[in-house]
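Before any comments, here is the structure.
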Amino acid sequence: MAINKAMRAALKALSYPEPDITQTYKLKRQVEAIANKPAKAKAEREKDTVIRSDIIKGRRGYDIPVRIFTPSDKNSSGAIVFFHGGGWVCGNIDTYTGVCTDIVEMLGRTVVSVDYRLAPENKFPAGLEDCYEAAYAVCTHKLLPEFSSNDIVLMGDSAGGNLAAAVSLLARDRGEFMPQKQILIYPSAGNDHSITSEFNSVRDNGTDYLLTSKQIEGYLSLYASSEEDFRSPYLAPLLADDFRFQPATLVITAEYCPLRDEGEEYGRRLRAAGNRVKILRIKDALHGYISLRLHFKMVRKTYELIARFLEKR
């Protein structure tokens, strides 16, 4: 559905007044917890999906809760390690239960949804290390050993897309494993979301489309431990010195998202370094649209595009 004048006005009104996320993140978490209780209960009754909880024993002294979604007919074509969005500060496996059941329905794959530690209680790189440990457990067949390495994919949206990209960079640099594919949905890839950003989408889409550039800056300030973190490619993947030897990558961006241009630029840099990359922009979409349900055309279109990407070897 195109964004007409009336919808633009409504979006602008909803984007203001702009709360300071550094002061309101606890309230946002509480609202999400209340809003997602019915969704969680409904998802657990889905006939097409079997849902179970598990714990990944972390090698650095912290265990990582995960929720595993499996097609009820047990005919799974692979595994997706999924990292949820929420600015590294909000969101959890409850708020993304609906998304994960949609993935199972549309892609026919088992999903491992990772409940990584959140900032600011656990700042960078705590959440990233949890995601890395979860990916390590799946890619080295300690969890879900029935899947071959070629059938394992990393996937995330927004902050989760950032974490997927960072895990792949870490995996290359540490040499412990390497996923074959990654799917980055409107990922955060840079470290500057001010008015002086090199990316036009930060200015063009950074005030009137629900997620604002000010909010992104607030989330990053809660996530980072120090100013030095803002120079780390594991916090901002665009800062990497070397983009080689990364998984085949699908980058999906939203037309009216402030993170659009940096996500697409990350895909271009991966491609220039010799990786296989597909970059797709969803017309008329806002940041966060993947959390809408499947009757929305842009959501179904996105899963169709992902399915084509996964089918290619």
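Per-residue answers, yes or no, for (1) within 30 Å of Asn36 (Cα to Cα); (2) part of a helix (DSSP H, G or I); (3) free of Cβ contacts under 8 Å to residues at least 40 places away in the same chain; (4) not hydrophobic (A, V, I, L, M, F, W, C):
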| residue | (1), (2), (3), (4) |
| --- | --- |
| Val251 | yes, no, no, no |
| Gly263 | yes, yes, no, yes |
| Arg271 | no, yes, yes, yes |
| Asn275 | no, no, yes, yes |
| Ala285 | yes, no, yes, no |
| Leu294 | yes, no, no, no |
| Tyr303 | yes, yes, no, yes |
| Arg308 | no, yes, yes, yes |
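Which is in contact with a Pro (Cβ under 9 Å, 6 or more places away or on another chain), at pLDDT 95 or above and closer than 23 Å to Glu198 by Cα, of Pro247, Pro237?
Values: Pro247 fails: closer than 23 Å to Glu198 by Cα.
Going through Pro247, Pro237 in turn, just one is in contact with a Pro (Cβ under 9 Å, 6 or more places away or on another chain), at pLDDT 95 or above and closer than 23 Å to Glu198 by Cα: Pro237.
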Ser77 versus (1) within 29 Å of Arg313 (Cβ to Cβ); (2) surrounded by fewer than 20 Cβ atoms within 10 Å (Cβ to Cβ); (3) modelled with pLDDT of 95 or more: which is the lone unmet condition? (3)
Do the conditions hold for Leu170, that is, is it closer than 25 Å to Arg308 by Cα, among the aliphatic types (A, V, I, L, M), in contact (Cβ under 8 Å) with a residue 60 or more places away in the chain and in contact with a Leu (Cβ under 8 Å, 6 or more places away or on another chain)? no
Would you mind telling me which numbered condition in (1) surrounded by fewer than 24 Cβ atoms within 10 Å (Cβ to Cβ); (2) farther than 17 Å from Arg109 by Cα Tyr186 fails? (1)
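Considering only helices (runs of 4 or more DSSP H) fully contained in region 31-140, which possess at least 2 residues that are among the acidic types (Asp, Glu)? Spell out the reasoning first.
Working: elements: 37-43, 97-107, 126-139.
Result: 97-107, 126-139.
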Note on region 136-183: residues of a type in the set (Val, Ile, Thr) and crowded, with 24+ Cβ neighbours inside 10 Å are Val138, Ile152, Val153, Val167, Ile183
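Determine, yes or no, whether Gln215 is of a type outside the set (Ser, Thr, Tyr), touching a strand residue (DSSP E or B) at 6+ places or on another chain (Cβ under 8 Å) and either under 28 Å from Arg276 (Cβ atoms) or surrounded by 20 or more Cβ atoms within 10 Å (Cβ to Cβ) (or both). Write out each step before concluding.
On the way: of a type outside the set (Ser, Thr, Tyr): yes; touching a strand residue (DSSP E or B) at 6+ places or on another chain (Cβ under 8 Å): no; either under 28 Å from Arg276 (Cβ atoms) or surrounded by 20 or more Cβ atoms within 10 Å (Cβ to Cβ) (or both): yes.
Against the criterion (of a type outside the set (Ser, Thr, Tyr), touching a strand residue (DSSP E or B) at 6+ places or on another chain (Cβ under 8 Å) and either under 28 Å from Arg276 (Cβ atoms) or surrounded by 20 or more Cβ atoms within 10 Å (Cβ to Cβ) (or both)), Gln215 does not qualify.
The values are calculated or read from the model by the stated rules, or taken from the named source; none is laboratory data. Fair warning: this is a prediction, and the values are worked out from it, not measured in the lab. All Cβ positions, glycine included, derive from the backbone under ideal geometry; neighbour counts span all protein chains shown.
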